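The values are calculated or read from the model by the stated rules, or taken from the named source; none is laboratory data. All values reported here derive from a predicted model rather than from experimental measurement. Glycine gets a Cβ as well: all are built from the backbone with ideal geometry, and neighbour counts include every protein chain shown. Remember, those area values only see protein heavy atoms, side chains included, never the ligands or the DNA or RNA. Shrake-Rupley method; radii C 1.70, N 1.55, O 1.52, S 1.80 Å.
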Amino acid sequence: MSSVSVIIPTFKRPLGVVAHTIRSILEDQKSLESIERIIVIDQNPEPLGLGSESFPIPCAQVHARDCPKFEGTGKQVIHIFGLSPSVTRAKNLGCTLAKGELLVFFDDDITVQAGCVTAYVECFQENGEVGFLGGREILDSKLSSDPAWKRIIRKWMQADPRKDAEYRFDGRYVGRIQPNSIMLKDFNVPADRLIRIDGARGCNWACRRSWFEKSGGFDEHFQGNALREETDLYIRLGRQGARGYYLAKAVVIHHRQPGGCDNLKQSIASLRSKLANDFYFQQKHFKCVPRFYFMARTFPLVLETLRETRGQSLWAWLAYWFKSR
């Protein structure tokens, strides 16, 4: 069975949330057979106490013989701290410490369901043409439902089931990036077969290490909340020839805990960071596409900000409209 390194960046999450994510991985005995390392890249001002030894960067000082065992499981959990906040740099750093053929990326606020990692390993072994896989994301039932405007937009974007049949299951797009930069996605689809995708959900996906290294890894120009950093990588993977598929058997529950890089308590700062990253993404991959599509994609970001700052958010969004002309 192919060996796996699990990479989890964390920033401004409560210790209990991160520990729960790690515990959900360690409790899956079958998946543990293929996991070589769980690498936690801690970007907090004060390092989390995860119950394992921790190593400050520079990571050149960290070697396989130094890796601790985690609470009797026999699995190596590497806790790296001292890195200034940057999710792209954190994940690239994690990959340099990876051991094995496969990389699995998880968010720090999920519950990994039994068999998730095993499903990834088996799929890669059985399908040599697969370069990367996106797993299923089920939102925590305690989270509030999407507002009406989101549901209307999603239904409109999923229209016309005759197009792009290989990217659909039961008439629904899973992960499609159109030539005009519009993204059609639904990663909670109970598909019983592999579905072609252009991109996955960053909270739950896996990649062959060789393809990741060939693509150059994450672009560290994406900073702040680093919006589109994963989509940027998926596009580059595709251009290199890596084929992506959706694997519904690889499941996580996403709790979307407060904190992390996308904190609505700082909604204006968060919005500006998102717009800056999305503008960079648009210029990098869709420079010849009419700016209308960039504005159409980013307008929902204004609606997601806190109501009392929505006027300022609209002004910031309009400023990017003029910047992008």
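Anything in the stretch 82-102 that is in contact with a Ser or Thr (Cβ under 6 Å, 6 or more places away or on another chain) and surrounded by fewer than 20 Cβ atoms within 10 Å (Cβ to Cβ)? List them, or say none. Those that are in contact with a Ser or Thr (Cβ under 6 Å, 6 or more places away or on another chain) and surrounded by fewer than 20 Cβ atoms within 10 Å (Cβ to Cβ): Lys99, Gly100, Glu101.
Could you please tell me which pairs satisfy a Cβ distance under 6 Å, a separation of 6+ or placement on different chains, a first residue in the stretch 103-115 that is open to solvent by 20 Å² or more (accessible area, probe 1.4 Å), and a second residue that is of a type outside the set (Asp, Glu) and outside any loop (DSSP other than H, G, I, E, B)? Taking only residues 6 or more apart or on different chains, the pairs are Thr111/Ser24; Thr111/Ile253; Gln113/Val251.
Just one of (1) touching a Gly at 6+ places or on another chain (Cβ under 8 Å); (2) assigned to a loop (DSSP other than H, G, I, E, B); (3) at pLDDT 95 or above fails for Cys261. It is (3). Suppose we keep only residues that are of a type outside the set (A, V, I, L, M) and modelled with pLDDT under 95 within the stretch 130-141. Which one would you say is nearest to Leu32 (Cα to Cα)? Here the residue is Asp140.
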